[in-house]
1. Sort out which residues of the stretch 179-194 are assigned to a loop (DSSP other than H, G, I, E, B) and touching an Asp or Glu at 6+ places or on another chain (Cβ under 7 Å), and write them in order of number.
2. Look through Asp82, Asp155 and report the one residue that is within 20 Å of Leu205 (Cα to Cα), at pLDDT 95 or above and either more than 14 Å from the chain's Cα centre (by Cα) or aromatic (Phe, Trp, Tyr) (or both).
3. Tell me, please, whether a residue that is out of contact with any Leu (no Cβ under 7 Å at 6 or more places or on another chain), buried (at least 22 other Cβ atoms within 10 Å of the Cβ), farther than 21 Å from Val76 by Cβ and touching a residue at least 40 places away in the same chain (Cβ under 8 Å) can be found in the stretch 201-208.
4. Specify the residue that is farthest from Ser110 (Cα to Cα); the eligible residues are those in the stretch 34-89 that are touching a strand residue (DSSP E or B) at 6+ places or on another chain (Cβ under 7 Å) and small (Gly, Ala, Ser).
5. Contact list please: Cβ distance under 7 Å, first residue in the stretch 88-102 and closer than 25 Å to Leu150 by Cα, second residue crowded, with 17+ Cβ neighbours inside 10 Å and of a type in the set (D, E, K, R), pairs at least six apart or on different chains.
6. Quick test of your reading of the structure: Ser110 fulfils all but one of (1) more than 16 Å from the chain's Cα centre (by Cα); (2) touching a residue at least 24 places away in the same chain (Cβ under 8 Å); (3) surrounded by 19 or more Cβ atoms within 10 Å (Cβ to Cβ). Name the failing condition by number.
Amino acid sequence: MTTIGFIGAGNIGSSVARAAIQHGYDVVLSNSRGPETLQALIADLGPHARAATPAEAAEAGDFVVVTIPLGRYREVPVEPLDGKTVLDTNNYYPQRDGSIAELDEKLATSSGLLQRHLRGSHVVKAFNHIGAAEILTTGSPTGTPNRRALVAASDDPDALATVTSFYDELGFDAVPLSLDESWRVETNTPAYGVRQNREELVANLARATR
């Protein structure tokens, strides 16, 4: 059985974890405050979930979801994630994360910063432009007309395939982007936070300006 590690267990992380469990995955959740603070969530998620430290969750996951405030991305453990696919749900909010010059000057993307930190990992920007509750309520079976689509942005074909398959299981079509183009689905772009099918998402990505 595939295990997904979670570094961060807030609204997005817990929703992805819940959806994953519903589709037959095991999950290992962590946060910055310690496994003991996750016991209520673990009890709610059931026997296919357990709590751990970030390093343990990174080690346990066949692939790993990083879902923490962007300003803390340098705290993500590096060695346990070497060679693994890492789903990055982060967005840049200067009022929360502090000013990051490379992002303010449009010289980098938020997921590009995480990829640079995790040099040996395969980062995919994913689940960053959908509300937490909608992860559990807006998916639909493969082939459903007007099915919701989400971006998967990465430079690694195998990592993109992993996320495309995971999206499909959870009820979403995938639209691929390169990591350098992932700014097209960051905050304040036409595709951000909008419910859209594949064609609409492709059109909104093309409309984005940097």
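1. Let us first name the residues in the stretch 179-194 that are assigned to a loop (DSSP other than H, G, I, E, B), namely 186-194.
Of everything in the stretch 179-194, just one residue is assigned to a loop (DSSP other than H, G, I, E, B) and touching an Asp or Glu at 6+ places or on another chain (Cβ under 7 Å), namely Tyr192.
2. Asp155
3. yes
4. Ala49
5. Asp88/Lys125; Asn91/Glu186; Tyr92/Glu186
6. (1)
Results for (1) surrounded by fewer than 17 Cβ atoms within 10 Å (Cβ to Cβ); (2) among the acidic types (Asp, Glu); (3) within 24 Å of Gly131 (Cα to Cα), shown as yes or no for each residue.
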| position | (1), (2), (3) |
| --- | --- |
| Leu29 | no, no, yes |
| Ala40 | yes, no, yes |
| Ala43 | yes, no, yes |
| Ala51 | no, no, yes |
| Asp62 | yes, yes, no |
| Arg72 | yes, no, yes |
| Leu81 | no, no, no |
| Glu102 | yes, yes, no |
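This table checks each residue for (1) small (Gly, Ala, Ser); (2) over 21 Å from Leu170 (Cβ atoms).
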position	(1), (2)
Gly13	yes, no
His23	no, no
Asp26	no, no
Gly34	yes, yes
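The values are calculated or read from the model by the stated rules, or taken from the named source; none is laboratory data. These numbers come from a predicted model, not from an experiment. Glycine gets a Cβ as well: all are built from the backbone with ideal geometry, and neighbour counts include every protein chain shown.
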